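Below you'll find the structure, written out as C-alpha cells, and then a few comments.
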Amino acid sequence: MSSTKSAAVVNYAEEKYSVEIREISIPDIGDEDVLLEVENVGVCGSDLHQWTSDHSWPVNYPVVLGHEFGGKIAAIGDKVSAWKVGDRVVSETAAVIDKQNPMSKIGLYNLDPTRKGFGYGVNGAMTRFVRVPARCLHTVPENLSFEEACLTEPCCVAYNAVVGNSSIKPGDRVIVIGPGTIGILCAAVARLCGAEVVVVGLEADKGRLEIARKYGCEVIIGDAEHWARKRDGLGADLIIDAAGVSATLQIAMKLVRPNGQITKVGWGPQPCNFSLDPIIQKNVRLQGSFSHNWPIWERVIALLASGSLDVKPIIGGVWPITEWKEAFEKMHHGQVVKSVLKPV
Ligand SMILES: [Zn+2]
C-alpha cells in the first residue's frame, strides 16, 4: 500500500449529478472482514440511477459507488480463516445483513429488509480498497479475468430472474424487454435454458440490440406482438421485463400467453396508470426478481469459467475511475452495454 489515500467515485448528496472524485483513506476492517484491493468494478444501472437521482432506494450519503467488483485480498481480519492475502475473489453485494432475520436464516439474506448493499448502504468499490465481510467472497478461477469476473453480479441478477424466479422449458418462446446489461444477460441465460429468445428495444437501442444477437437471440425494434403470436397465435411463454421503468408491464401483459409468466427485474419509481386486469384474465403469474444469494454466485462463476456464459460481448470499454463520467455517460446514452472501471 504505497499511499494512504485513493481516488473514489463518491455520490455525496441526493441532488441530481452529485457525484465526484474524492480522495479517501484505506478503510479499517473488522474481525470478520477482508480488505479487498479492487482490480475492476462494473458500472451498474443502479449507479447511473443514483447519479441522475431517479433511484427507488434509500442512500447513505456520502457513499462510494460500485457493487460489481473483484480483486485480490490485501489483508484479513483476525477471525477470517477461509481466505488468505493474495486470493482472487469477487464479492456479493449484501454488505450488511441481520443474520437473525428469518429470511437470512433460510439463506435468502438478499431479501432481508434491513440488508444494506455496497454502493448505497455502505462504501462500494469504485476505489482502490474496499472493506468486505468474508462471508460475501467467492473464489475467481485463474482462467477468468477480473474484467469478466467483476460482472458476476449482473449475471447473478439475470440467473435468478430466469432460472430461480421463472420456469423455462426447452423450446419456450421468451421475450426480453430492454437491451441493457440485465436484459441481454437474461436473454443469454434463457438461451442456455433452451428457449427461443427475442430482445425488444427502441430505435435508439440499435447498437445494444446488435450485441444481443451475439447470444443467439433475435432482436426487434418496437412492437414484438407478431413475434409473440407467431407459433400459435397466443403469445410468448415468458416475458422478462428488464426495462428500468414500471410502465413496460403494460407491454408485457399484452405479449404474454394465457397461463404464461411475466418476470419483472427492471424497476423504476414512476407509478403506472393502467389496469392489471390482463393478469387475471390471462391467468398470468407476475413475479418480481431481486438480487441473488450464495448458490447462485457459485453456479454463475462456474458458467463464466467454463465459457458457457461469456460476458466479453457486453463490455464496452475499461476506464480509469478518474474518468468515471465518460464511462457513466456512454452507458447512460446506450452507446455501450456495460462500462468497466479500473482503480488508479
Ligand atoms: Zn449491479
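Computed quantities for the displayed model
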| quantity | calculated |
| --- | --- |
| Expected 222 nm ellipticity per residue - DSSP helices of 4 or more, -39500 (n - 2.57), all of the chain, to 500 | -6000 deg cm²/dmol |
| Estimated distance in nm for a label pair at Asn143 and Arg231, the labels positioned 7 Å out from Cα along Cα-to-Cβ | 3.4 nm |
| For the chain: relative contact order, % (alpha-carbon pairs under 8 angstrom, 6 or more apart) | 18 percent |
| Euclidean distance between Cα centres, segment 124-191 to segment 201-215, Å | 19 Å |
| Three-way shape label, segment 26-170, alpha-carbon gyration tensor, a/c 1.5 | rounded |
| For the chain, with +1 on Lys and Arg beta carbons and -1 on Asp and Glu, the positive-most of Val90, Leu36, Val265 along the dipole | Val265 |
| Virtual spin-label span in nm between Ala82 and Ser308, 7 Å along Cα→Cβ | 2.2 nm |
| Average Cα contact separation per residue, segment 283-344, under 8 Å, 6 or more apart, as relative contact order % | 29 percent |
| Förster-model FRET efficiency, 25 Å R0, Leu202 and Asn273, C-beta, rounded to 0.05 | 0.75 |
| Residue with peak Gaussian network fluctuation, the chain [Cα springs, cutoff 10 Å], from Gly124, Gly70, Gly164 | Gly164 |
| Under Karplus coefficients 6.51, -1.76 and 1.60, residue-wise ³J(HN,Hα) of segment 48-57 in Hz, glycine/proline x | 5, 4, 5, 5, 8, 6, 10, 8, 10, 10 |
| Qualifying GluC sites (Glu not before Pro) for segment 29-131 [loop in DSSP, other Cβ within 10 Å: at most 16] | Glu32 |
| Estimated translational D of segment 224-344 in µm²/s (Stokes, Kirkwood radius over Cα pairs; 4 °C; 1.567 mPa s) | 75 µm²/s |
| Test item: Cα-centred dipole of the chain, Lys/Arg +1 and Asp/Glu -1 on Cβ, debye | 700 debye |
| DSSP bridge orientation in the chain - percent antiparallel, rounded to nearest 5 | 55 percent |
| Descending semi-axes in Å of the chain, equivalent ellipsoid built from Cα gyration tensor | 34, 21, 19 |
| Between segment 86-109 and segment 1-77, the alpha-carbon center distance in angstrom | 18 Å |
| Amide H within-cut-off set for Gly317, under 5 Å, with H built and near neighbours excluded | Val340 |
| Asp28 - accessible surface, heavy atoms, 1.4 Å probe, Å² rounded to 10 | 130 Å² |
| Accessible surface of His226 - all protein chains present, 1.4 Å probe, nearest 10 Å² | 140 Å² |
| Percent accessible area from carbon and sulfur atoms, the chain, protein chains only, probe 1.4 Å | 53 percent |
| Long-range HN-HN contacts of Gly70 with modeled amide H, under 5 Å | Glu39, Asn40 |
| Residue-wise HN-Hα coupling along segment 79-96, computed from phi with Karplus coefficients 6.51, -1.76, 1.60 (Hz; x: Gly, Pro) | 9, 8, 10, 7, 10, 9, 4, x, 4, 8, 9, 10, 10, 5, 9, 7, 5, 10 |
| Thr114 versus Glu14: modelled label distance in nm, points set 7 Å from Cα along the beta carbon direction | 2.4 nm |
| Heavy atoms of Ile280: accessible area, 1.4 Å probe, square angstrom to 10 | 130 Å² |
| Out-of-range pairs (alpha-carbon distance over 18 Å; input Lys72/Lys330; Lys72/Lys342; Lys5/Lys79; Lys116/Lys325; Lys79/Lys342; Lys169/Lys254) | Lys72/Lys330; Lys5/Lys79; Lys116/Lys325; Lys79/Lys342; Lys169/Lys254 |
| Segment 298-306 - phi-based ³J(HN,Hα) in whole Hz, Karplus 6.51/-1.76/1.60, Gly and Pro as x | 4, 5, 5, 4, 4, 5, 5, 5, 7 |
| Coil-residue chymotrypsin sites (Phe, Trp or Tyr not before Pro) of segment 96-132, DSSP, other Cβ within 10 Å capped at 16 | none |
| Per residue accessible area of the chain, 1.4 Å probe, in Å² | 43 Å² |
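The values are calculated or read from the model by the stated rules, or taken from the named source; none is laboratory data. Please read these numbers as outputs of a predicted model, since none were measured by experiment. Neighbour counts are summed over all protein chains in view; Cβ atoms, including those assigned to glycine, are modelled from backbone coordinates with ideal geometry. Keep in mind that these areas ignore ligands, DNA and RNA; they rest on the heavy atoms of the full protein, side chains included. Shrake-Rupley method; radii C 1.70, N 1.55, O 1.52, S 1.80 Å.
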